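Working notes for the structure below.
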Amino acid sequence: MQPWISHNHPAKQQLLALACIATGFVLLIGFRHFQGWQLDNDTAGFLLGLLLFVTGIFGLRAAGRQTITIDPQKQVIAIRDISRFGDRTREIAFSEIREISIGYLGKASNFVQFYFLVLKLRSGEEYPLFAPGRFYEGCADHNVVESWRRRLEEYLRQADAT
């Protein structure tokens, strides 16, 4: 059985970070004349701009390539992150996985929702696989992510049978 390899879309991460920077900058300039640190709309607009601007800067610096390799032969999931901060790899053995569920980020009412797999490990840790914000192809479609869950569960069942 061939390994299942998935890559994220770092260009989409960078585009979102640039949108945060641009929006934050517009708000910072637009509300720069606020009167002291009173709780009013001008102060809120300035602080929101500052938050978006800083979030965008960190998002731009943190954007990177993530590759997930699920290898049924070796019975391991390897997650490799390559960013400006370095190259990290984490391996999760199939035997460490207790349960697989689907998590989501966003609200249906806002029409922005991302789904991802949540690996519940025997140690008690929960690890997000195909994490939101990494922009994996199909992450906005619950049916696609459900098919990922079923596929990974089938790999785990086959590993238990051997």
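The values are calculated or read from the model by the stated rules, or taken from the named source; none is laboratory data. Fair warning: this is a prediction, and the values are worked out from it, not measured in the lab. Here the Cβ is made from the backbone with ideal geometry for all residues, glycine too, and neighbour counts use every protein chain on show. Quick note on the areas: whole protein, heavy atoms, side chains included, nothing else; ligands and nucleic acids left out. Shrake-Rupley method; radii C 1.70, N 1.55, O 1.52, S 1.80 Å.
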ask   = If only one of Gly133, Gly124 is among the small types (Gly, Ala, Ser), open to solvent by less than 90 Å² (accessible area, probe 1.4 Å) and modelled with pLDDT of 85 or more, which one is it?
value = Gly124
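Here is a yes/no grid of residues against (1) free of Cβ contacts under 8 Å to residues at least 12 places away in the same chain; (2) closer than 27 Å to Glu137 by Cα; (3) small (Gly, Ala, Ser); (4) open to solvent by 70 Å² or more (accessible area, probe 1.4 Å):
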position	(1), (2), (3), (4)
Met1	no, yes, no, yes
Lys12	no, yes, no, yes
Gly24	no, no, yes, no
Leu27	no, no, no, no
Leu48	no, no, no, yes
ask   = Any idea how many residues of the stretch 21-49 are under 23 Å from Arg84 (Cα atoms) and not small (Gly, Ala, Ser)?
value = 1
message = Just the residues that are in a strand (DSSP E or B), touching a residue at least 12 places away in the same chain (Cβ under 8 Å) and not hydroxyl-bearing (Ser, Thr, Tyr), please, taken from the stretch 121-140.
response = Leu121, Pro128, Leu129
message = If I go through the stretch 89-108 residue by residue, how many of them are of a type in the set (Val, Ile, Thr), open to solvent by less than 80 Å² (accessible area, probe 1.4 Å) and modelled with pLDDT under 95?
response = 1
query = Looking at (1) out of contact with any Pro (no Cβ under 9 Å at 6 or more places or on another chain); (2) open to solvent by less than 30 Å² (accessible area, probe 1.4 Å); (3) assigned to a helix (DSSP H, G or I), which is the one condition that is false for Asn143?
reply = (2)
query = Can you tell me how many residues in the stretch 68-85 are in a strand (DSSP E or B), open to solvent by 30 Å² or more (accessible area, probe 1.4 Å) and of a type outside the set (D, E, K, R)?
reply = 3
